1. Residues 174, 260: which one is under 21 Å from residue 37 (Cα atoms), within 20 Å of the chain's Cα centre (by Cα) and at pLDDT below 90?
2. Look at residue 27 and say whether it is among the small types (Gly, Ala, Ser), modelled with pLDDT under 65, within 28 Å of the chain's Cα centre (by Cα) and over 30 Å from residue 231 (Cα atoms).
3. Search the stretch 518-533 for residues being of a type outside the set (S, T, N, Q) and more than 22 Å from residue 242 (Cα to Cα), and hand back the single one that is modelled with the highest pLDDT.
4. For the stretch 274-311, how many residues meet the condition of being of a type in the set (Ser, Thr, Tyr) and not in a helix (DSSP H, G or I)?
5. When you scan the stretch 205-217, how many residues do you find that are open to solvent by 60 Å² or more (accessible area, probe 1.4 Å), touching a residue at least 60 places away in the same chain (Cβ under 8 Å) and charged (D, E, K, R)?
6. Filter the stretch 354-363 down to the residues that are more than 29 Å from the chain's Cα centre (by Cα), modelled with pLDDT of 70 or more and open to solvent by 30 Å² or more (accessible area, probe 1.4 Å) and list them by number.
7. Quick one: in the stretch 425-456, of everything that is in contact with a Lys or Arg (Cβ under 9 Å, 6 or more places away or on another chain) and surrounded by fewer than 23 Cβ atoms within 10 Å (Cβ to Cβ), which residue is farthest from residue 182 (Cα to Cα)?
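The values are calculated or read from the model by the stated rules, or taken from the named source; none is laboratory data. Since the model is a prediction, treat every value here as computed from it, not as a measurement. Note that each Cβ is placed from the backbone with ideal geometry, even for glycine, and that neighbours are counted across all protein chains shown. Please note that ligands, DNA and RNA were not included when accessible areas were found on the heavy atoms of the full protein model with its side chains. Shrake-Rupley method; radii C 1.70, N 1.55, O 1.52, S 1.80 Å.
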Amino acid sequence: MGGGGGSGAAGIYDAALQRREAVMGKSGPAALVKNFRVFSIACFACIGGVLYGYNQGMFSGVLAMPSFQKHMGEYDPIDPNASQTKKGWLTAILELGAWLGTLLSGFMAEVLSRKYGVLVACLVFMLGVVIQATSISGGHETILAGRFITGMGVGSLAMIIPIYNSEVAPPEVRGALVALQQLAICFGIMVSFWIDYGTNYIGGTKLETQSDAAWLVPVCLQLAPALILFFGMMFMPFSPRWLIHHGREAEARKILSTLRGLSQDHELVELEFLEIKAQSLFEKRSIAELFPELREQTAWNTFKLQFVAIEKLFRTKAMFRRVVVATVTMFFQQWSGINAILYYAPQIFKQLGLSGNTTSLLATGVVGIVMFIATVPAVLWIDRVGRKPVLTIGALGMATCHIIIAVIVAKNVDQWETHKAAGWAAVAMVWLFVIHFGYSWGPCAWIIVAEIWPLSTRPYGVSLGASSNWMNNFIVGQVTPDMLKAIPYGTYIIFGLLTYMGAAFIWFFVPETKRLTLEEMDIIFGSEGTAQADNERMEEINAEIGLTRFLQGGSGAIQGAANGSDTGYDAEKGKSEHYSQHV
């Protein structure tokens, strides 16, 4: 194959795209029904998201319980005169653990597989929960240690499960299945808020009478879904992409066929299999050329390749652009203030004029419901509407809510008792903020981070993006109590302005990625033109494994795209027309 016109790797990918779109059908709810097997597998894997969400929401209620307070000593989460920084540590230590767990998960997901990586993460999570339960006698040191270890498990699950779901999903529902993770997180948050509301009454709501079971029950309940995920994941399939990358091609083809509900010789199965294989071979040969001593796939070489792969993320402009998209998107997700609200909702609602712990917990429970309901449209329609408009509109909505809350707080901060309506208006703005987050930045940020990377760098790229999420999550969790005390309405102004900046970043810098295969991300990020040698290597691989011949065997239009010949379809024109909406 020559290098000009519509030939080469770009022409092959464009031909593959044209054929796939002709047979795979539209995105949307009907596509989820059509791919029910994959949908059900992704739903089960997202129990990991339930654990993440439950842990987030549960602890905000526990912090407000008097029976928990009496075990925390100088880390007292309720006393307004106690150190707000230490209160922040009770919450933020989990994010620090999650940050470390995320960084270690890239290696684990690559060596052990995505499937076994989830099993290890479950074990770490459960160990942390058991340690937290012993804090009834161990005090704040035990709760800090337990939350750190639980965080390592949560961080691993939050990174590996989006990778797993994105790799078992066909492109027309990939966004929806990755968005399921956020829906599961919201479900966990919703359930945790109402469990807290119920257990808050065990023994009464006063310090003198409330039982330790009020906070021990919600903490220990985390073990149930973790055990279900651990044992159930043993029966889930491996990621076909991981299998191909590790030389288990027959198993990968069989699983791919089962996942798609098609025969192994169906053209969609064959096309997807060949594309994944081509990308895998390309990455292996590229690394073998640069680092021949690491070509053998041993655990030790894989560990060393972590650093090679991470360095590769910064080597070219196209890859560095992906790094910026992933890390900055997660920065803006956290600095939207969502986790400040989730972690400190009872305190925030009290600050907005709601009196009594029970009332603030009730208002917190509504946060969980509205976020869960708002996330459902994202799962159903994100692959049709696209990531970019949803993220932009959501950011504008969230930022506007923050500014309105800031104005209400500034005017009424010392007179909530006589301005009840203003307090409830601010609470309503918090609920509206959560709705905007639920359909936009909650699911879409994780979708983008999970889907933009090449095969060999995906675990490390997702790890980098997720580590940005957790580190910023840690910072927000740590500083929010001090911010709310020092600058009550200024806190909302800061979050609002940063979220407006997030909208601008998405609109002007982030490409659209809907309905593209993971392999086609190279085109919209410009990676296909980084070096002529890469193009030649990919052309050679495409011809070697039969992808070129497979595409040339289709219709005249498809054949023209593959060949670059003049058969009524201009490959370069088709490429530019299709990808113009993504760049």
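1. 174
2. Details: among the small types (Gly, Ala, Ser): yes; modelled with pLDDT under 65: yes; within 28 Å of the chain's Cα centre (by Cα): yes; over 30 Å from residue 231 (Cα atoms): yes.
Yes, satisfied.
3. Within the stretch 518-533, the subset of a type outside the set (S, T, N, Q) is 518-526, 528-529, 531, 533.
From what is left, the residues that are more than 22 Å from residue 242 (Cα to Cα) are 524-526, 528-529, 531, 533.
Details: 524: 77, 525: 80, 526: 72, 528: 56, 529: 44, 531: 36, 533: 57.
Looking at residues that are of a type outside the set (S, T, N, Q) and more than 22 Å from residue 242 (Cα to Cα), I get 525.
4. Going through the stretch 274-311 one residue at a time, the tally reaches 1.
5. 1
6. Result: 359, single match.
7. 456
Okay, residues lined up against (1) part of a helix (DSSP H, G or I); (2) over 20 Å from the mean Cα position of the chain (by Cα); (3) of a type in the set (Asp, Glu); (4) under 18 Å from residue 51 (Cα atoms):
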site	(1), (2), (3), (4)
94	yes, no, no, yes
99	yes, no, no, yes
104	yes, no, no, no
115	yes, no, no, yes
118	yes, no, no, yes
122	yes, no, no, yes
126	yes, yes, no, yes
